[in-house]
Amino acid sequence: VEVYDGLEVVLQGNFDRFTQNGDTYALLRNTDTDVSVEEEVEGGALNVLNGTVGLRYTLKNQSDAHPYVAGGIGLYRTELAEARVRQGENVLPERSTRGRGFHLAIGSNFRVDETYGVFFEPRYVVVDTGGSDLQTGDSTRYVTVRLGVEVQF
């Protein structure tokens, strides 16, 4: 929704999936106890589902390329799914956490014609997991590149 010339309020939802293996996600820290317990992770994926509200400012110009900056805050659900997590001899169940997070992005929208456009957007995301046992730190951070098509009716 455009609120001022080039400034928009944006509501969106995203789903990011990161395939894991023993090399990329070998150890987790268990923060539920005072004792640091190492866990082994075999396979699986880190799934991040979110809904955010934010602002986007698009630089209006005469060319077909319109660069923009964006940012937003929202609620994130992070889940280590389809993974076999072992703590010694025990196999632990799948786990998930909910938390607040934010994203920052810079991108460009390329107009093809009056109706269609394509966009390219690198995005930095920080999810505060609140010290959950899902991550080795207090937050999950990652960079994604979004590519897509924009349709204006």
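The values are calculated or read from the model by the stated rules, or taken from the named source; none is laboratory data. Since we're looking at a predicted model, the values are computed, not measured. Don't worry about glycine lacking a Cβ; one is built from the backbone with ideal geometry, like all the others, and counts go over all protein chains shown. Accessible surface is based on the protein model in full, side chains and every heavy atom, while ligands, DNA and RNA are left aside. Shrake-Rupley method; radii C 1.70, N 1.55, O 1.52, S 1.80 Å.
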- Residue identified as under 15 Å from Gly13 (Cα atoms) and modelled with pLDDT under 95 among Arg111, Arg100: Arg100
- Task: Hey, can you tell me all the residues within the range 55-74 that are modelled with pLDDT of 95 or more and open to solvent by 80 Å² or more (accessible area, probe 1.4 Å)?
- Result: Leu55, Tyr57, Ile73
- List every residue pair whose Cβ atoms sit under 6 Å apart, with the two residues 6 or more apart in sequence or on different chains, where the first one lies in the range 93-120 and is of a type in the set (Val, Ile, Thr) and surrounded by 14 or more Cβ atoms within 10 Å (Cβ to Cβ) and the second, anywhere, is in a strand (DSSP E or B) and modelled with pLDDT under 95. Thr97/Thr78
